[in-house]
Structure formats: structure tokens, C-alpha cells
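The values are calculated or read from the model by the stated rules, or taken from the named source; none is laboratory data. Everything quoted here is computed from the prediction, not taken from an experiment. Neighbour counts are summed over all protein chains in view; Cβ atoms, including those assigned to glycine, are modelled from backbone coordinates with ideal geometry. Note: areas computed on protein heavy atoms with side chains; ligands, DNA, RNA excluded. Shrake-Rupley method; radii C 1.70, N 1.55, O 1.52, S 1.80 Å.
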Amino acid sequence: SDDDREIRRKDPLFVLRGRLARLGGEESTLRAIDALTARAAAAVDAAETFARASPEPGLADLDAAVFSPPSFSPPRHAAAAAAASPQPPSGARERSFSEAIAEAHAVALRSDPRVVVMGEDIGEMGGVFQCTAGLTSEFGARRVIETPISEACIGGGGRGAGGGRGPP
């Protein structure tokens with residue numbers, strides 16, 4: 001269909017394969033890309049099958065699944081899990097996983113002016129789990145960077161920010 005052709009025209013795997021084929025890429029590389037494409041298609045098909053077989057969420061579930069609350073509140077089942085969990089060691093601070101990540105981001109940003117945080121919907125919204133809430137106002141948009149929905153973009157940006165080298 002026209003939709004499929006348009007998607008393939010923009011899909012990074014199809015674009016890469018086409019470029020490599022035009023440049024005389026090795027057959028083994030082209031076969032590896034074909035295998036990766038087939039695995040990705042199978043994963044998407046499995047996800048679609050699962051989604052179609054799953055019950056529709058209720059309206060009450062949709063809001064919580066799409067938007068994070070202004071201030072984090074643990075899910076309803078967290079109280080039961082906390083009651084069954086062993087007590088933390090003496091002197092340990094208890095906080096949610098999201099709160100711990102948010103604290104770690106802030107500590108890293110405060111301790112080194114070279115540190116940046118990059119991701120999808122992390123700026124003013126504070127991220128889906130509020131792990132970056134308040135960071136843009138404290139550190140600015142040059143250090144808390146909104147990215148497009150593209151892991152390749154985020155990874156490439158990180159690699160470029162490191163001067164193209166691996167970790168220091």
C-alpha cells in the first residue's frame with residue numbers, strides 16, 4: 001500500500017539497507033539487516049497480537065497511564081508490596097524508585113556542570129514518572145534536553161557530547 005511504501009521510505013533499517021546496497025555493501029551485512037528487520041517485524045506483530053487480545057482499559061486507567069500526577073503518588077498495589085517487604089536498614093531513607101532517580105539526576109547535575117540529561121518529555125512536564133520534575137527550572141533547557149522520540153537521536157547526541165569517544 002502507499003502507507004507501507006511511505007513508512008519504508010523513512011524507516012531507518014530500510015534506509016540503511018538501501019544505502020549499503022547502492023554502495024556495494026557486503027552480502028553478509030545486508031543479510032544481517034534483513035534478519036534484524038524480520039525480528040523487528042515479528043516483535044511488532046507479537047505486540048499487536050497481544051494488544052488486540054488484551055481487554056480495553058477503563059477510563060480511570062487511561063489518565064494514569066498517559067499522564068503522571070503533579071506530585072508522585074505510588075500505585076495502589078505499592079502499599080501491599082511495602083507491607084510484605086523487609087524493613088530498610090537503620091538510617092536508610094525510604095523513597096520511591098522515581099524519587100530516587102530524580103534525586104540522582106539532581107545530584108549529578110549539581111556536582112558536574114558537564115552533565116546533561118536527555119530524553120523524551122523530560123523538560124517542563126518532568127517526565128512520565130516525574131523523574132526530571134523541576135530540573136529544567138533549576139538547570140535550564142541546555143542541560144535538561146528534550147529530544148524527539150528517537151533512541152538513535154538520544155544515543156547519537158550522547159556520543160557527540162562525549163566528543164565521539166566512549167565513556168571517560
Review point. With labels modelled as points extended 7 Å from the Cα through the Cβ direction, what inter-label distance (nm, one decimal) is found for Ala35 paired with Phe97?
Key: 3.2 nm
Revision key, fill the gap. Using a 1.4 Å probe on heavy atoms of the protein chains only, the accessible area for Phe50 in Å², nearest 10, reads 150 Å²
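Per 0.36 nm of contour for each residue apart, how much would the distance between Val15 and Val128 grow if the chain were fully extended, relative to their Cα-Cα spacing? Intermediate values should be presented prior to the final figure.
Details: separation 113, 0.36 × 113 = 40.68 nm, distance 3.11 nm.
37.6 nm is the gain from fully extending Val15 to Val128.
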